[in-house]
Every structure is written in structure tokens, then in C-alpha cells.
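*Asks:* Following this message is one structure expressed as C-alpha cells.
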Amino acid sequence: MVGAFALGLLQKLLFDRLLIYGAKPDLLLLLTTWIARREGQSVGIMAGFSIGLLMDLMRGTLGLEAFAKTVSGFVAGFFSNPDDFDKVSNFLWATALAAFFGTSAYELVSSALQTPFFKWTLLATLTSLYNLLFGYAFFEGAKRFA
């Protein structure tokens, strides 16, 4: 949890400012994906909720980020396979889909279904692609510490 708090501070102070058309890299999504792939879907859901709740408390909102990270942990948990844990391609697929569905859940709930379909789909796709860039570096770094 200390690592999640440190990544949360880094996210809030640095990575939230790297916006490209509303999409930003999400270190805590990468952590949620890593945990979900390593420990399974149930643990990924709980980790996503806990990490999201931590970010909600840091940002002053409550519930929205927790919901989005729970969805991300659920999706990433489908890629949990102990035999293929060291494959970067599986991690990147899990990251892309978890980012897409997590961002979609966040946007749909935060805008109360008022955002046009094209706009939130484009944002979710950009977020997925943006997180893939950071996902590879995160995977290689986390693999060395695991």
C-alpha cells in the first residue's frame, strides 16, 4: 500500500499534467493491472478498488476512481496466467483493455451519460494507447523488483 501511495503522489504531481487531448498516463492503472495479472481477478478487483479509493481521497472525490479501477482490475484479471506472467505482450493487452474499459466507466459515470459516444470512445482509445507507452517501461521495471 505504501508503493501505491508513492505512485499516487507521483501520478498526482507529475503524470496528471501529461495530458494529450484529455488522455493521461495512469501509473495506478498499471499497478492494478500488474496485481490482477499476478494474483488473479478477485485480488485485482480488490486492489483496483483500494487503489481507486486512495486516489479518490487524494483528489477530493469519492467513488468514481474506485469504480473505474475496480472495472480495470476485473478486466485485467482475465489475463491472469502464472505460466505466461513474464510475457510482455499479455501485460500490454491487459493494460490496453483495462485502460479502455476503466476510462469508459469513468467517463460514462462522471458525465452522467451526456458525453457523445464518439467522444468517450476516442478518449478511451487514446488513453489505452498512451498507457501502452508507459506500460512497457512499468513492466520491465516491475519485473526486476518482483
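Laboratory data are not the source of any read-out in this text; all were calculated from the coordinates shown. On a predicted model such as this, the values are computed, not experimentally measured, just so you know. Please note: Cβ atoms are built from the backbone with ideal geometry, for glycine as well, and neighbour counts cover all protein chains shown.
*Asks:* Rank the residues 20, 51 as a footprinting-exposure proxy: fewest other Cβ atoms within 10 Å of their Cβ go first.
*Replies:* On the way: 20 11, 51 27.
With the sparsest Cβ surroundings first, the list reads 20, 51.
*Asks:* Report the FRET efficiency, 1/(1 + (r/R0)^6), for residue 5 and residue 143, where r is their Cβ-Cβ distance and R0 is 30 Å, rounded to 0.05.
*Replies:* Numbers: r = 22 Å, r/R0 = 0.72.
FRET efficiency, residue 5 to residue 143: 0.85.
*Asks:* Which of the aspartates and glutamates could a cross-linker span from residue 12 if the Cα-Cα distance has to be under 16 Å and same-chain partners fewer than 8 positions apart are dropped?
*Replies:* 26, 56, 65
*Asks:* Explain nothing, just compute: Karplus ³J(HN,Hα) = 6.51 cos²θ - 1.76 cosθ + 1.60, θ = phi - 60°, for every residue of the range 25-30 in order, whole Hz, x for Gly and Pro.
*Replies:* x, 10, 5, 6, 5, 5
*Asks:* What is the distance in Å between the Cα centroid of the range 11-86 and that of the range 125-146?
*Replies:* Comparing the Cα centres of the range 11-86 and the range 125-146, I get a distance of 12 Å.
*Asks:* Given bins 5 angstrom wide, list per bin the percent of all Cα-Cα distances in the range 1-68, short to long.
*Replies:* For the range 1-68, the binned pair fractions read 4, 18, 27, 27, 16, 7, 1 percent.
*Asks:* Whole-Å semi-axes of the range 32-89's equivalent ellipsoid, largest first, each the root of 5 times a Cα gyration tensor eigenvalue?
*Replies:* Numbers: eigenvalues 114, 16, 12 Å².
Taking √(5λ) for each Cα gyration eigenvalue gives 24, 9, 8 Å.
*Asks:* Using just the Cα positions, wrap the chain in a convex hull and report its mean projected area in square nanometres, one decimal place.
*Replies:* Details: hull surface 31.5 nm².
Over every viewing direction, the Cα hull of the chain projects on average to 7.9 nm².
*Asks:* Over the range 91-146, what number does the Rg to Rh ratio reach, with both radii from the alpha-carbon atoms and Rh per Kirkwood? Numbers along the way, then the final one.
*Replies:* Numbers: Rg = 13.3 Å, Rh = 12.0 Å.
In the range 91-146, Rg relative to Rh is 1.11.
*Asks:* To continue, here is another question. What does the charge add up to near residue 123, with Lys and Arg as +1, Asp and Glu as -1, over the other residues with Cβ less than 12 Å from its Cβ?
*Replies:* Details: positive: 24, 119; negative: 107.
Within the 12 Å Cβ shell, the charges total +1.
*Asks:* Hey, what number do you get for the chain at 222 nm if only DSSP H runs of n ≥ 4 count, each worth -39500 (n - 2.57), divided across all residues, to the nearest 500?
*Replies:* Numbers: 6 runs with 110 residues, N = 146.
-25500 deg cm²/dmol, from helical runs alone.
*Asks:* By a straight-distance test (C-alpha under 20 Å), which lysines pair with residue 87 as possible cross-link partners, with residues fewer than eight away in the same chain excluded?
*Replies:* Of all the lysines, those that pass the test against residue 87 - Cα under 20 Å, at least 8 places apart if same chain - are 143.
*Asks:* By the scheme Lys and Arg +1, Asp and Glu -1, what is the net charge of all other residues having a beta-carbon under 13 Å from that of residue 98?
*Replies:* Numbers: positive: 37, 69; negative: 26.
Spelling it out: positives minus negatives among the neighbours equals +1.
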